[in-house]
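Chemist: Sharing a structure with you now.
The values are calculated or read from the model by the stated rules, or taken from the named source; none is laboratory data. This structure is a prediction, so every number in the text was calculated from the model and none was measured. Here the Cβ positions follow ideal geometry from the backbone for every residue, glycine too, while neighbour counts run over all protein chains shown. Just the protein is used for accessible areas: all its heavy atoms, side chains included, with ligands, DNA and RNA removed. Shrake-Rupley method; radii C 1.70, N 1.55, O 1.52, S 1.80 Å.
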Amino acid sequence: MTNSSRATMIRLLAFAVLVLVLALTSWAQTHPPILEQIAKTYGLDSYGQIEAIRYTFNLDIPGLFKLSRSWEWEPKTGKVSYEGKDKDGKPVKVTYMRSELSNQPESVKKEIESGFVNDNYWLLFPFHAYWDTSATVTDEGMHKLPVGNGSAELVAVKYPAEAGGYTPGDTWELYVGKDNRVEYLVFHHGGAAKPSLVSAAWAGYKKAGPLWVSTEHRGTADGKPLHLSLSNVSVKVAGSDTWMDAK
């Protein structure tokens, strides 16, 4: 290698290190320490063991939504299997790779995949908040819970409108207890999607393998009663073919 080539290589390495440092600095500035504590409470350190997750997302908002969607997802491969109904109420079963979404029919790209993203965020939001570097996260300190007489630490997770996605500009306000578990959530849609305001408790905690999941969410959606639940939750970990049900 010539001296010129060696100098060029050194500059490239220095630039790569600088980019990494800037990325980590930016992440640290928008992600307060409590975010990692929350994610670890839900099983972040063991997430790499997960080979597959399956669950059913159930939503009932009288006069607005009543639906049930069942998913099986392989986080490492991006394979998704869906069972539910289409917008016309007809039964649907489909399996696709998220990395090959562009090759799927419009119904999969615009309806099923958006449903998957929504439902997966409700299942694993403490992880998504930690992973999503585009989000700005602030620790607002102790606040009174939206319902009842208790208080909790308010952690706000805001997604910028320019980030794109299915619902840009969304804000998730997490009310976190002393055990680093979410007790209550207030969700603001950033766009015109309905419901625009969801307020719900996080309860019914169960453990599926190494992961903790809140399976019961009751509250309101644009002022109407809301019941959102996650049923049939189970995981499969590396080295095992056995599904581990949430208990």
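Chemist: So what J values fall out for the stretch 210-223 if you push phi through Karplus, 6.51 cos²θ - 1.76 cosθ + 1.60 with θ = phi - 60°, rounded to Hz, Gly and Pro as x?
Modeler: Those phi angles translate into x, 9, 9, 9, 8, 9, 10, 9, 10, x, 9, 9, 6, x Hz.
Chemist: What nm value, rounded to one decimal, do you get for the distance between Asp179 and Ala156 when each label is placed 7 Å out toward the C-beta?
Modeler: 2.8
Chemist: For an R0 of 51 angstrom, estimate the FRET efficiency from the Cβ-Cβ distance between Ser240 and Lys109 and round to the nearest 0.05.
Modeler: Working: r = 33 Å, r/R0 = 0.65.
Calculated transfer efficiency: 0.95.
Chemist: Inverting the mean 1/r over all pairs of different Cα atoms, compute the Kirkwood radius of the chain and quote it in Å.
Modeler: Numbers: mean 1/r = 0.0504 Å⁻¹.
For the chain, inverting the mean 1/r across all distinct Cα pairs yields 19.8 Å.
Chemist: Considering the dipole of the chain built from charges on the beta carbon (Lys and Arg +1, Asp and Glu -1) around the Cα centre, which of Ser151, Thr138, Trp243 is farthest to its positive end?
Modeler: Trp243
Chemist: Under the 0.36 nm per residue contour assumption, what length would be gained going from the current alpha-carbon distance of Glu36 and Thr138 to full extension? Kindly include the intermediate steps, with their values, before the conclusion.
Modeler: Numbers: separation 102, 0.36 × 102 = 36.72 nm, distance 1.26 nm.
Answer, rounded to one decimal: 35.5 nm.
Chemist: Residue separation times 0.36 nm, minus the C-alpha to C-alpha distance between Ser196 and Lys224: what's the value?
Modeler: Details: separation 28, 0.36 × 28 = 10.08 nm, distance 1.15 nm.
Contour length minus the Cα-Cα distance gives 8.9 nm.
Chemist: With the other protein chains left in place, how much accessible area per residue, in square angstrom, belongs to the stretch 116-230 at a 1.4 angstrom probe? Before the final figure, lay out each step's value.
Modeler: Details: 4940 Å² over 115 residues.
With the other protein chains kept in place, the stretch 116-230 gives 43 Å² per residue.
Chemist: Counting just the Cα atoms, what span does the stretch 36-105 cover along each of its three principal axes? Round to the nearest Å and put the largest first.
Modeler: Computed over the stretch 36-105, the largest-to-smallest principal extents equal 41, 34, 17 Å.
Chemist: For the stretch 46-192, with equal point scatterers placed on the C-alpha atoms only and solvent neglected, what are the log10 I(q)/I(0) values from the Debye formula at q = 0.11, 0.15 1/Å, to two decimals?
Modeler: -0.51, -0.93
Chemist: In whole percent, and with a 1.4 Å probe on the protein chains, what portion of the accessible area of the chain is carbon and sulfur? Don't skip to the answer; put the middle values down first.
Modeler: Working: 7330 of 13280 Å².
Here carbon and sulfur together make up 55 percent of the probe-accessible area.
Chemist: Moving on to the next point. Assigning unit charges at the beta carbon (Lys, Arg +1; Asp, Glu -1) and nothing else, what dipole magnitude in debye, to the nearest 20, does the stretch 174-247 show about its Cα centre?
Modeler: Numbers: 9 positive and 6 negative charges, 12 e Å.
Once rounded to the nearest 20, the dipole reads 60 debye.
Chemist: With a 1.4 Å probe and all protein chains kept in place, how do Asp45, Asp132, Asp119, Asp139 rank by accessible area, largest first? Walk me through the numbers before you get to the answer.
Modeler: Working: Asp45 115, Asp132 30, Asp119 0, Asp139 65 Å².
Accessible-area ranking of Asp45, Asp132, Asp119, Asp139, largest first: Asp45, Asp139, Asp132, Asp119.
Chemist: So which helices of the chain fit the span-like rule, where a helix is a whole DSSP H run, its Cα atoms reach 18 Å or more along the axis, and its mean Kyte-Doolittle is at least -0.5? Before the final figure, lay out each step's value.
Modeler: Working: long enough: 3-30 (41 Å, 1.15); 113-131 (21 Å, -0.13).
Helices meeting the criterion: 3-30, 113-131.
Chemist: Which whole-number percentage describes the relative contact order of the chain, with Cα contacts under 8 Å and a sequence gap of 6 or more? The partial results should precede the final answer.
Modeler: Numbers: 449 pairs, mean separation 45.8, N = 247.
Relative CO of the chain lands at 19 percent.
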